[in-house]
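Below you'll find the structure, written out as structure tokens, and then a few comments.
The values are calculated or read from the model by the stated rules, or taken from the named source; none is laboratory data. Every value quoted in this text rests on a predicted model; they were computed, and no experiment measured them. Here the Cβ positions follow ideal geometry from the backbone for every residue, glycine too, while neighbour counts run over all protein chains shown. Calculation scope for accessible area: heavy atoms of the full protein, side chains included, ligands and nucleic acids excluded. Shrake-Rupley method; radii C 1.70, N 1.55, O 1.52, S 1.80 Å.
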Amino acid sequence: QVQLVESGGGLVQAGGSLRLSCAASGRIFSINGMGWSRQAPGKQRELVATIPGDGSTNYADSVKGRFTISRDNAENTMYLQMNSLKPEDTARYYCYGRIQMASGNVPRSYWGQGTQVTVAS
């Protein structure tokens, strides 16, 4: 099957930086869109950034200018560089990928288990 595993979360002071990684493994023919979402306690999950297969990027207004999403297609890995972190960025961050397991198969969305980011004021 397919697995997505996030890493890079942790505790950081406000104004600091973290770099999250999302590694996809398993039976992968191609990866179309990928992205990051986050969920803080008591809040709905929020889409943070996406990187479709055409190389474009999209960001939530709350992170524009501070976060950068990128991907390494050769390694099936996606990154989220987070700078100028704020306490309101505290959340569990999840990655997803729209993955095709074989030629002709319909792509499906897969999610990782998440990595915790805590920003101290």
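Once fully extended, how much extra length lies between A14 and Q116, figured as 0.36 nm per residue of separation less the alpha-carbon to alpha-carbon distance?
35.2 nm
Please compute the net charge surrounding G16, taking Lys and Arg as +1 and Asp and Glu as -1 over other residues with Cβ under 12 Å from its Cβ.
+2
Treat every Asp and Glu Cβ in the chain as -1 and every Lys and Arg Cβ as +1, leave all other atoms uncharged, and give the resulting dipole magnitude about the Cα centre to the nearest 20 debye.
180 debye
Please list, in order, the residues from the range 4-26 whose amide nitrogen is less than 20 Å from a point placed 7 Å along the Cα→Cβ vector of M101.
Answer for the range 4-26: 4-6, 23-26.
Averaged per residue, what accessible area in Å² does the chain show with a 1.4 Å probe, protein chains only?
Counting only protein heavy atoms, the per-residue value for the chain is 53 Å².
Relative contact order, percent, of the chain when contacts are C-alpha pairs under 8 Å separated by at least 6 residues?
Worked out over the chain, it gives 37 percent.
Based only on Cα atoms, what mean projected area does the convex hull of the range 1-69 have, in nm²?
6.0 nm²
Compare the Cα positions of G112, M78, S25 along the charge dipole of the chain (+1 at Cβ of Lys, Arg; -1 at Cβ of Asp, Glu; about the Cα centre) and return the one farthest towards the positive end.
Value: G112.
The range 1-72 to the range 85-102: how many Å between their Cα centroids?
4 Å
Given a Förster distance of 35 angstrom, what is the FRET efficiency for R66 paired with I28, based on the Cβ-Cβ distance and rounded to 0.05?
The value I calculate is 0.70.
Relative to the present Cα-Cα distance, how much length would full extension add between E46 and N58 at 0.36 nm per residue of separation?
Between E46 and N58, full extension yields 3.0 nm more.
I need the phi-derived Karplus couplings for the range 92-101: 6.51 cos²θ - 1.76 cosθ + 1.60, θ = phi - 60°, integer Hz, Gly and Pro marked x.
So the Karplus estimates, Gly and Pro as x, are 8, 9, 10, 9, 9, x, 8, 10, 9, 7 Hz.
Could you sort 63-69, 100-106 so that the peptide with the highest average Cβ count within 10 Å comes first and the rest follow in order?
Top of the packing list down: 63-69, 100-106.
For the chain, count the residues as N, evaluate 2.2 N^0.38 Å, and divide the Cα radius of gyration by that value, please.
Expressed relative to 2.2 N^0.38 Å, the Cα Rg reads 1.04.
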